[in-house]
Amino acid sequence: MVNSQSKVKDDWIAIDKAQHFSYSCLISLGCQYILVNKLDNTEEASLPISSTLSLGAGLLKELNDSRGKSGYFSLKDIAANIAGITLAMIIIRQ
């Protein structure tokens, strides 16, 4: 039996990965801004929350993708999400 995921083209270098990276970074930064500047939380207390919200959004997107007719769960997309969140954490800590 052929694995359906083996038919899927999921390159490391692709516009999709850049989108996952960018959106995860921006979601983290946006959540951090709201938590700190609108809800009066500290930077340190807000960082794990904003990171978790961004990662959760990426995970939910991949789970939704996997439910489609020819969908699949991409660990490479999750890696791009984590890289974007990491950049946001570096920016926030500066």
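The values are calculated or read from the model by the stated rules, or taken from the named source; none is laboratory data. Everything quoted here is computed from the prediction, not taken from an experiment. Every residue, glycine as well, gets a Cβ built from its backbone with ideal geometry; the counts of neighbours run over all protein chains shown.
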Scan segment 24-44 and report the pairs whose first residue is in a helix (DSSP H, G or I) and whose second residue is among the acidic types (Asp, Glu), with Cβ atoms within less than 8 Å and a gap of 6+ or a chain change. Gln32/Glu43; Val36/Glu43
Under 6 Å between Cβ atoms, at least 6 apart or on separate chains: pull out the pairs that start in segment 66-94 with a residue that is assigned to a loop (DSSP other than H, G, I, E, B) and end on any residue that is of a type outside the set (D, E, K, R). Tyr72/Gln5; Tyr72/Val8; Tyr72/Ser66; Phe73/Ser66
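Here is a yes/no grid of residues against (1) of a type outside the set (A, V, I, L, M, F, W, C); (2) modelled with pLDDT under 95; (3) touching a His at 6+ places or on another chain (Cβ under 6 Å):
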site: Cys25; (1), (2), (3): no, no, no
site: Gln32; (1), (2), (3): yes, no, no
site: Val36; (1), (2), (3): no, no, no
site: Leu39; (1), (2), (3): no, no, no
site: Ile49; (1), (2), (3): no, no, no
site: Gly56; (1), (2), (3): yes, no, no
site: Lys76; (1), (2), (3): yes, no, no
site: Ala80; (1), (2), (3): no, no, yes
